[in-house]
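The values are calculated or read from the model by the stated rules, or taken from the named source; none is laboratory data. All values derive from a computational prediction rather than experimental measurement. Using ideal geometry, Cβ is built from the backbone for each residue, glycine included, and neighbour counts are taken over all protein chains shown.
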Amino acid sequence: MKLVRASEHDPRPVDLPIFTGAVAMARLTEGVSEQTQVALVRFAAGARTMRHTHTFEQILLVSEGEGLVTAGDQRFLVHPGDVVVIPPGEAHVHGGTEASGMAHYSITPPGSTEVLE
């Protein structure tokens, strides 16, 4: 068994093609688990992912702020404690609202991500 304390990992600014705006991330299980990836992702107000898909199911556990998750014609305003389950292949976007930043834990198995925009 291994214990990872999120409080001991400071999210660091990232500049990845999947994000727009100010985003910081801490990969909590990197080097700890080969089967499950857990990352704490913090979006500033107005920051978000680009529209993208995954080859795997993604679970988002909202931990701070207010955010927006969209997929097709679905649009959810999310708050701490909310859990979003995104099936493989579903094009989606997630991030902060224009007025609020948002943080979530992204929980996924290994696989690939394709940015669509």
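Considering only residues in the range 18-28 that are surrounded by fewer than 18 Cβ atoms within 10 Å (Cβ to Cβ) and in contact (Cβ under 8 Å) with a residue 24 or more places away in the chain, the one that is farthest from T70 (Cα to Cα) turns out to be A22. Is it true that some residue in the range 70-82 is in contact with a Ser or Thr (Cβ under 7 Å, 6 or more places away or on another chain) and buried (at least 17 other Cβ atoms within 10 Å of the Cβ)? Taking every residue of the range 70-82 in turn, none turns out to be in contact with a Ser or Thr (Cβ under 7 Å, 6 or more places away or on another chain) and buried (at least 17 other Cβ atoms within 10 Å of the Cβ).
To keep it simple, each residue is scored yes or no on (1) among the aliphatic types (A, V, I, L, M); (2) surrounded by fewer than 16 Cβ atoms within 10 Å (Cβ to Cβ); (3) under 22 Å from H9 (Cα atoms); (4) in contact with a Gly (Cβ under 6 Å, 6 or more places away or on another chain).
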| residue | (1), (2), (3), (4) |
| --- | --- |
| S33 | no, yes, yes, no |
| A39 | yes, no, yes, no |
| R51 | no, yes, no, no |
| E64 | no, no, yes, no |
| E90 | no, yes, no, no |
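Whenever a residue of the range 35-50 is over 21 Å from A71 (Cα atoms) and in a loop (DSSP other than H, G, I, E, B), its partners that are modelled with pLDDT of 95 or more and β-branched (V, I, T), lying with C-beta atoms within less than 8 angstrom and at least six residues away or across chains, give the pairs T36/T29; T36/I107; T36/T108. Of the candidates S106, S100, the single residue that is in contact with a strand residue (DSSP E or B) (Cβ under 6 Å, 6 or more places away or on another chain), in a strand (DSSP E or B) and of a type in the set (G, A, S) is S106.
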